[in-house]
């Protein structure tokens, strides 16, 4: 029994191949031993990604051409060409830190007021919305007109004057939705209110802002890494 067991174990280490038709088969299942790849360094800004790429910290590897892929408005990664296993070496990944705001969600007027000031860049429409939301004087929100869109609320319009004020709609706003080093794209939103009073914003540009944000990121990286791009060490795609 011992001899048979040893012979069986020896046979396990032998791998033979057999040609059947145009295909090749082996007598044992084979497991690939993958080539080592680095864990991507995690940073939270475009500046951190740029500093790493021009620092020469991983000089041997950085002497080769790297590609920067702008995956989304909040994610950018730098990697090399594929290795023998057709796996890419990912060196650094930047993920944007953004303030919290949920579109398509109803906020009470006080929380919405705070969100407008903390999660949106100042512009004319944001200021108008702050005036309306910050001066509401009753809970009722009324539909006005016959277009199914316009709304009105009772709001303070002077030192001691309360009047019916039309709710602005649609509005053009610039939320913080991408890296702070680049311009925040403006886009259209549907601004709605309901009794409570509660407020909500609904995106209305079909996601076009994402392309604008990625274009802004690419322009920032092209300016920051101009010499590396000209020398052919870095290629940027979006």
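Reported count of residues in the range 186-224, each being modelled with pLDDT of 95 or more and within 20 Å of residue 69 (Cβ to Cβ), is 16. Every residue in the range 86-108 that is more than 16 Å from the chain's Cα centre (by Cα) and in a loop (DSSP other than H, G, I, E, B), please. Answer for the range 86-108, where residues must be more than 16 Å from the chain's Cα centre (by Cα) and in a loop (DSSP other than H, G, I, E, B): 86, 87, 104, 105, 106.
The sole residue among 182, 171, 159 that is out of contact with any strand residue (DSSP E or B) (no Cβ under 9 Å at 6 or more places or on another chain) and at pLDDT 80 or above is 182.
For the range 216-234, a residue qualifies if it is part of a helix (DSSP H, G or I), in contact (Cβ under 8 Å) with a residue 12 or more places away in the chain and surrounded by fewer than 16 Cβ atoms within 10 Å (Cβ to Cβ), and the qualifying residues are 219, 222.
The values are calculated or read from the model by the stated rules, or taken from the named source; none is laboratory data. Everything numeric in this text was worked out from a predicted model, so none of it was measured. All Cβ positions, even for glycine, are placed from backbone atoms using ideal geometry, and neighbour counts span all protein chains on display.
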